[in-house]
Amino acid sequence: MLQISPVELNELLDAHQFTRRMALRVVALGDGECELAVPYLPEHDRPGGIVSGQVYMHAADVAFWLAIKTRLGLDDASVTSSMTTAFLGSASREALRCRARVLKLGRRLIYGSAECTADDRAVTHHTLTYVRMDGAAGSR
């Protein structure tokens with residue numbers, strides 16, 4: 001594992017509007033793993049106070065993006081190729097946690113998974129594939 005701290009990754013989140021607007025925070029890191037705290041924000045509610053599916057998907061994608069950085073460094077330019085989401089439950093006016101991990105780090109593709117929980121209940125499961133944009137993968 002590279003020596004990347006939660007502070008560095010939180011600074012990265014703060015540096016970009018697409019991550020800053022949801023107020024995501026890194027709360028734990030491991031080798032190829034990242035856990036985010038996802039605060040409850042009323043503007044992300046669907047009618048009836050249910051947290052919108054976009055929130056889970058965005059959190060999973062960002063958590064996986066950061067999990068990759070624990071292996072390839074802050075300058076890695078890998079991008080999302082695909083994500084499949086299974087909704088297992090829902091959150092209602094509550095904060096989430098999202099934990100992602102790298103399952104396989106290939107030369108061109110990176111495979112992984114993420115899970116979002118609300119009050120320790122599983123609410124989504126995601127499978128993700130990223131494309132490495134360095135070397136041969138970046139020349140397509």
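Every read-out reported here was derived from the displayed coordinates using simple, explicitly stated rules and does not represent laboratory data. A quick note: this is a predicted structure, and the numbers were derived from the prediction, not measured. Please note: Cβ atoms are built from the backbone with ideal geometry, for glycine as well, and neighbour counts cover all protein chains shown.
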In a Gaussian network model over the chain where Cα atoms closer than 10 Å are linked, find which of 119, 76, 61 has the largest mean-square fluctuation.
119
Rg and Dmax [Cα atoms of region 30-69; Å; Rg one decimal, Dmax integer]
12.1, 39
Can you tell me the 0 to 90 degree angle between the C-alpha axis of helix 53-72 and the longest principal axis of the chain, rounded to 10?
30 degrees
Gain on full stretching of the segment that runs from residue 2 to residue 107 - 0.36 nm per residue minus C-alpha separation:
36.0 nm
Region 70-140: C-alpha pair distances exceeding 20 Å, %:
39 percent
Under-5 Å amide H pairs with residue 124, H placed in peptide plane, nonlocal only
88, 116
Just to be sure I understand the model, the point goes 7 Å from the Cα along the line to the Cβ. What's the resulting residue 94 to residue 74 distance in nm?
3.5 nm
Largest first and to the nearest Å, give the Cα extent of region 6-140 along each principal axis.
48, 29, 26
Of 100, 37, 60, the one that fluctuates the most in a GNM where the chain has Cα springs shorter than 10 Å
37
Report, by chain and number, residues whose modeled amide H sits under 5 Å from the one on residue 78, excluding near sequence neighbours (fewer than 5 apart, same chain).
133
